Amino acid sequence: MKWLALLVSISLCVATSGQTVHMQDHSDWWSKNSEKYSGLTVKPLEKDFDTNNFKILSLSLDTVGSDKIAATLGKARSVRRGDASFSRTQACYVSIGDSEKVHLIFEFGEGMESIFYLFRGGAEWKGSNLCVKSNRVSGDLTTGTGLKLGLSRAEVETILGKPDFVAGDRIAYCREFQRKATKEEFERSRREYPEHLSDKLAHQKFDFVPVTLEIEARFKNLEMNYLYVSTTSQSDD
């Protein structure tokens, strides 16, 4: 099977504020695409995963764009880091008034990968001063499946199941499966396909979208203090 680009092309290179900041550094320790990131090597399993894991604040990673993020959380400056396989574009939001700040960051990497990070505390990084304060970001923020900061590992596993990989205080999941295409995705795929297809053939070809989903959770003092969810939706040739 040959993979092509995402059905939905998402980019934050042109931020809703009209400004992009380019930073030639890798101080963003929380990013899975950072040159310094110590990732967990997880072989993808061909197994269904709840697509509500994609969702936070009604924003779904597989369809979200900078306009929807800005409408929900406010306009943020886009930060561009790295190049080649490490290229990534980020929009950062931070809680208001918490003694230990909670950050929600959206990132779009190479291969049209869409990610959100949710974490509490941690070291400062270059560009953290650009994070937009939002009263919608807090320790109570949950994903569509109920994941939130402060959960125990047992509570996380109740939601997600047995981890695909464990390393100390870190657990990870990596799955490949197919999800139902949205109406917009189906119509766009059919419109952009170079040949005319009957309704039957179009539905056979475009009704489902292959997905790769990654999740990593980290724990401190037996509570989850870091979460990332990454998804890449692709189409067949």
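The values are calculated or read from the model by the stated rules, or taken from the named source; none is laboratory data. Everything quoted here is computed from the prediction, not taken from an experiment. All Cβ positions, even for glycine, are placed from backbone atoms using ideal geometry, and neighbour counts span all protein chains on display.
Descriptive notes on the structure:
- Residue match in region 150-172 (condition: under 20 Å from the mean Cα position of the chain (by Cα), over 20 Å from residue 47 (Cβ atoms) and among the hydrophobic types (A, V, I, L, M, F, W, C)): yes
- Selection of region 29-57 for residues being modelled with pLDDT of 80 or more, under 22 Å from residue 120 (Cβ atoms) and surrounded by 15 or more Cβ atoms within 10 Å (Cβ to Cβ) yields 30, 31, 32, 33, 34, 53, 54, 55, 56, 57.
- In the set 185, 195, 223, only one residue is without any contact (Cβ under 8 Å) to a residue 12 or more places away in the chain and among the acidic types (Asp, Glu); that residue is 195.
- Residue that is farthest from residue 130 (Cα to Cα), among those in region 41-81 that are touching a Leu at 6+ places or on another chain (Cβ under 9 Å) and part of a helix (DSSP H, G or I): 51
- Every pair of residues 6+ apart whose Cβ atoms lie under 7 Å, when the first sits in region 21-43 and is touching a residue at least 24 places away in the same chain (Cβ under 8 Å) and over 18 Å from residue 92 (Cα atoms) while the second is part of a loop (DSSP other than H, G, I, E, B) and small (Gly, Ala, Ser): 35/82
- Failed item, numbered, when residue 188 is tested on (1) modelled with pLDDT of 85 or more; (2) surrounded by fewer than 18 Cβ atoms within 10 Å (Cβ to Cβ): (1)
- In region 107-125, the residue that is nearest to residue 20 (Cα to Cα) out of those that are aliphatic (A, V, I, L, M) and assigned to a strand (DSSP E or B) is 115.
To keep it simple, each residue is scored yes or no on (1) under 30 Å from residue 28 (Cα atoms); (2) surrounded by fewer than 18 Cβ atoms within 10 Å (Cβ to Cβ); (3) hydrophobic (A, V, I, L, M, F, W, C); (4) touching a strand residue (DSSP E or B) at 6+ places or on another chain (Cβ under 7 Å).
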site	(1), (2), (3), (4)
162	yes, yes, no, no
178	no, yes, no, yes
202	no, yes, yes, no
222	yes, yes, yes, no
